[in-house]
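**Student:** This is the structure, below, for whatever I ask next.
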Amino acid sequence: MSKFTGRWVPIMLVASLAVNVFVLGAFAAHWFAISFRPGDESRDAVLERLRRAQAHPGIVVGLPSPTSILEVLHEDERTHLMTKWRQANPALREGFKRLYDARDEVADVLSEPDYRREDLERAFADLRARQMELASTSQSLIVDLADNLDADGRDRVARIMRPPPERRGEKLLPDLKEKEREEGK
């Protein structure tokens, strides 16, 4: 067996490092790859994980997240919606700012040493009004989108408008009478 000395040691170390990086990169690409070809099962699985990660009502209650909407649209439909969102962006930003200010007001009233119910009710009424303004703007965008979709596109958007059972509260709270019956057996 010959010894690798001199100039061969650094060359072999670099070659070994390159092979290791390539293998690691190939493994990572396979493991984390997201394919967005239509009909690809891995795409559906990834999108479902994203949907579950966003499984909260969101700021605009009753509407799917913008990400969820974009995921079900084809490229030309996405382009149309993004154009409309860019046009509505100043109103949306202002709506979110006003919403956050209203939430801050609720928090301020709750933390007041001289708490008064009337102040909290007024703060929540303002918060509801800000939520409704934002919901109205968002819903207008969805109406405009629906006007520009074919039946298949509207069906894709309709599917994400229906929350899954766990988001409807159907699985969150067990029926207490049923639970009591089971315990009594």
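The values are calculated or read from the model by the stated rules, or taken from the named source; none is laboratory data. Predicted, not measured: the structure shown is a model, and the values here were computed from it. Reconstructed Cβ throughout: ideal geometry from the backbone, glycine too, with neighbour counts over all protein chains shown.
**Student:** So the check is Cβ under 6 Å with 6+ separation or different chains; which pairs have a first residue in segment 135-157 that's modelled with pLDDT of 90 or more and charged (D, E, K, R) and a second one that's surrounded by 14 or more Cβ atoms within 10 Å (Cβ to Cβ) and assigned to a helix (DSSP H, G or I)?
**Tutor:** Within 6 Å, the pairs are Asp144/Lys84; Arg156/Val72.
**Student:** Additional query: Report whether or not Arg117 is assigned by TED's automatic domain parsing to the domain that holds Glu71, over 25 Å from Gln87 (Cα atoms), modelled with pLDDT of 90 or more and basic (Lys, Arg).
**Tutor:** For Arg117, the condition - assigned by TED's automatic domain parsing to the domain that holds Glu71, over 25 Å from Gln87 (Cα atoms), modelled with pLDDT of 90 or more and basic (Lys, Arg) - is met.
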